[in-house]
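Right, one structure below, let's go through it.
The values are calculated or read from the model by the stated rules, or taken from the named source; none is laboratory data. The shown structure was predicted, so the numbers you read here are calculated from the model rather than taken from an experiment. Glycine gets a Cβ as well: all are built from the backbone with ideal geometry, and neighbour counts include every protein chain shown. With ligands, DNA and RNA removed, areas are computed over all heavy atoms of the protein, side chains included. Shrake-Rupley method; radii C 1.70, N 1.55, O 1.52, S 1.80 Å.
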Amino acid sequence: MKQQPLSHWGIETSRLVLGCMGLGGEWNLNPYTQADVKKAEEAIEAAISAGITMFDHADIYRRGKAEAVFGEVLKSNPGLRDCMTIQSKCGIRFAEGAVPNHFDFSKEHILASVDGTLQRLGIETLDILLLHRPDPLMEPDEVAEAIQTLRASGKVRRFGVSNMNVSQIRFLQQASPEPFIVNQLEISLSKLDWLDQTVHVNQKAGTAVHFGDGLLEYCQTERIQLQAWGPLSKGLFTGNASPDAPGHVLATAGLVQQMAKDKETTPEAIVLGWMMRHPALIQPVIGTANAARIRACADAARQAELMTREEWYTLYVSARGKALP
Ligand SMILES: NC(=O)c1ccc[n+]([C@@H]2O[C@H](COP(=O)([O-])OP(=O)(O)OC[C@H]3O[C@@H](n4cnc5c(N)ncnc54)[C@H](OP(=O)(O)O)[C@@H]3O)[C@@H](O)[C@H]2O)c1
């Protein structure tokens, strides 16, 4: 059997992750409703039945309500927690008064954020905590202290980062004995910088690519699990493109539809399988809260196994909208 994501770090998990940003109602301070809890329950059930056992949160999602409704579902389904890997994130703060949205990797904020997450989820230990977005004011020793405290208290098992480049990971890692085991980045068939970085070395076109230089290779070498946020491109290739989208987008959506038909699967499984075919063993974090769409993703790992090199490049080049160098 092929290696499973995160298994070498002692974390049992699935190839797909359910992103929980869509759970918990609106992005405001209004309380969540029973309908929001029901929706979360249906999404979790659909995920489990699709073989998805890893769940991605952040303290800020729906202003804490995503974790809170998830916690309600865990409370009314004893035993569910034991078959899950739960990940959350900290380090982004909403505006308060005259202070705008900002980032905060202070020890005080990291510890307070984790306490809030554990309380909302109603659990004692978080499997993985990610530092959500690089804070220009971050001080590696202070972050390391927070990590040590969380590890020693048993509140967090493992740590990772999100939206970070090689230098930032190294900068934080040199101060901390705890390895960063995940880097979550925007990776999809519509945001192709992660691949264009590879093919545009020594090319002028490469200067317009926005993905950390060597990041993909660095994470693989260090066995840092790459996770993809935005992997469904909000449905751009799976039925949600506007009719006046660029020609290459519509053509790619057509290709995805045709491949799905030929392979007797869903467009979602093709789009996700395409990214999972990459040797980095990327874990897509699917952001749908719709039970039917979650189930439509279930065949992705199998499609990754079946996808030929020719099919993979056909989708890549079509979505790029221009030939490879
Ligand atoms: N680390 C970070 O900085 C970061 C940033 C953003 C997100 N994330 C994580 O990544 C997860 C996924 O990100 P994402 O939500 O941006 O990306 P996504 O998985 O690409 O998109 C999911 C969204 O697209 C909609 N959608 C998908 N297919 C559709 C279709 N065919 N027709 C209509 N709507 C469709 C879904 O609506 P339905 O719910 O109705 O299906 C949902 O709102 C999040 O849940 C979160 O856990 C992390």
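Compared with the dominant principal axis of the Cα atoms in the chain, helix 107-121 is inclined by about 80°. Protection proxy ranking for 137-146, 291-300, using the average of other Cβ atoms within 10 Å per residue and placing the highest first: 291-300, 137-146. Surface composition of region 100-171: carbon plus sulfur atoms hold 48% of the accessible area, using a 1.4 angstrom probe and ignoring ligands, DNA and RNA. Ordered from highest to lowest accessible area with the whole protein assembly present and a 1.4 Å probe, SER167, SER106 read as SER167, SER106.
At a 1.4 Å probe, what is the % contribution of carbon and sulfur to the accessible area of region 182-256? Here carbon and sulfur together make up 54 percent of the probe-accessible area. Note on surface exposure: TYR61, TYR313 rank TYR313, TYR61 by accessible area, highest first, 1.4 Å probe.
Residue separation of ASN77 and LEU306 scaled by 0.36 nm, minus their Cα-Cα distance, works out to 78.8 nm of gained length. In the Gaussian network model of the chain, springs joining C-alpha atoms below 10 Å, which of ALA253, ALA152, ALA40 carries the largest mean-square fluctuation? Of the options given, ALA152 has the highest mean-square fluctuation.
The HN-Hα couplings worked out from phi for region 11-17 by the Karplus form 6.51 cos²θ - 1.76 cosθ + 1.60 (θ = phi - 60°) are 10, 8, 7, 9, 5, 9, 10 Hz, whole numbers, x standing for Gly and Pro. Accessible area per residue for the chain, computed on protein heavy atoms with a 1.4 Å probe, is 46 Å². Within the same chain, lysines fewer than 8 places from LYS107 are excluded, and of the rest, those with a Cα less than 18 Å from its Cα are LYS89, LYS155.
Heavy atoms only, probe 1.4 Å: what % of the accessible area of region 11-66 goes to carbon and sulfur, would you let me know?
Ligands and nucleic acids excluded, carbon and sulfur give 53 percent.
Ordered by 1.4 Å accessible area with all protein chains kept, LEU118, LEU111, LEU250 run largest first as LEU250, LEU111, LEU118.
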